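Worksheet for the structure shown next.
The values are calculated or read from the model by the stated rules, or taken from the named source; none is laboratory data. All values derive from a computational prediction rather than experimental measurement. No Cβ is skipped: glycine too gets one built from the backbone with ideal geometry, and neighbour counts run over all protein chains shown.
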Amino acid sequence: MTRTKVRIFDGDPAVARNAFAQFPSGVAVLAVDIDGRKHALVASSFMVGVSLDPCLGAVAVQKSSETWGLLEDARSIGVSILGKGQSDLTRKLASKDRAARFEQVAVEIGAQGAVFLEDAALWLECSIHEVSEAGDHWLALLEVNKLGLGENEPLIWHGAKFRELVDARSVDVE
């Protein structure tokens with residue numbers, strides 16, 4: 001007799017968080033420049049390819065986020081999918097010290113205030129398409145207006161740790 005590996009979920013958020021951590025994701029920084037001040041939100045909940053027509057991505061943002069209100073009101077949001085070697089940058093941009101977040105961080109600012117981080121794996125310039133309530137988060141659909149491909153491989157978030165891709169063909173297996 002085969003037993004299932006799936007167990008009843010009791011609703012404990014810590015159990016869900018640990019389980020969801022087993023799904024690898026990229027690391028996205030959503031950023032804007034408003035009146036000369038840069039604001040950033042780091043998210044591992046960013047998803048590309050929600051739709052191709054129109055071209056949509058999505059992000060889930062905690063309702064408690066103070067930064068989201070600034071981004072949501074912006075004309076244009078820069079999304080930088082971080083790359084290999086940028087885990088320290090992620091920690092800096094997510095720090096509580098908002099004034100120091102962008103100190104010595106190389107960026108490019110778009111004409112409508114979207115902020116893009118150098119050496120990212122992918123850049124998207126987005127506008128808000130739709131925002132819906134999703135439990136303790138907001139689920140935002142973002143329309144992609146411009147995009148750029150970097151040469152860096154993406155940074156991965158998995159098991160509550162930053163990881164990097166490895167080409168399976170380059171690993172010796174005995």
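Can you name the residue in the stretch 90-104 that is in contact with a strand residue (DSSP E or B) (Cβ under 7 Å, 6 or more places away or on another chain) and not hydroxyl-bearing (Ser, Thr, Tyr) and is also surrounded by the fewest Cβ atoms within 10 Å (Cβ to Cβ) among such residues?
Looking only at the stretch 90-104, we keep the residues that are in contact with a strand residue (DSSP E or B) (Cβ under 7 Å, 6 or more places away or on another chain), and these are 90, 93-94, 101-102.
Those still in the list that are not hydroxyl-bearing (Ser, Thr, Tyr) too: 93-94, 101-102.
Details: 93: 23, 94: 15, 101: 19, 102: 19.
Filtering first and then ranking leaves 94.
Looking only at residues in the stretch 112-132 that are exposed (fewer than 15 other Cβ atoms within 10 Å of the Cβ) and free of Cβ contacts under 8 Å to residues at least 24 places away in the same chain, which one is farthest from residue 151 (Cα to Cα)? The residue in question is 132.
Scan the stretch 131-150 for residues that are assigned to a loop (DSSP other than H, G, I, E, B) and closer than 13 Å to residue 74 by Cα and jot them down.
So the first thing to find is which residues in the stretch 131-150 are assigned to a loop (DSSP other than H, G, I, E, B), and the list is 135-136, 150.
Listed by number, the list is empty, since nothing qualifies.
Tallying residues that are touching a Leu at 6+ places or on another chain (Cβ under 9 Å) and not in a strand (DSSP E or B) within the stretch 93-130 yields 9. When the strands (runs of 3 or more DSSP E) confined to the stretch 1-56 are screened for residues that are over 19 Å from residue 147 (Cα atoms), those reaching at least 1 such residues are found at 28-34, 37-43.
Only one of the numbered conditions (1) farther than 16 Å from residue 31 by Cα; (2) out of contact with any Phe, Trp or Tyr (no Cβ under 9 Å at 6 or more places or on another chain); (3) β-branched (Val, Ile, Thr) is not met by residue 144, and that is (1). Residues of the stretch 103-113 include none that is of a type in the set (Gly, Ala, Ser) and either under 24 Å from residue 159 (Cβ atoms) or at pLDDT below 90 (or both).
Is the stretch 66-87 home to any residue that is part of a strand (DSSP E or B), in contact with a helix residue (DSSP H, G or I) (Cβ under 6 Å, 6 or more places away or on another chain), under 23 Å from residue 155 (Cα atoms) and modelled with pLDDT of 90 or more? For the stretch 66-87, residues part of a strand (DSSP E or B), in contact with a helix residue (DSSP H, G or I) (Cβ under 6 Å, 6 or more places away or on another chain), under 23 Å from residue 155 (Cα atoms) and modelled with pLDDT of 90 or more: present.
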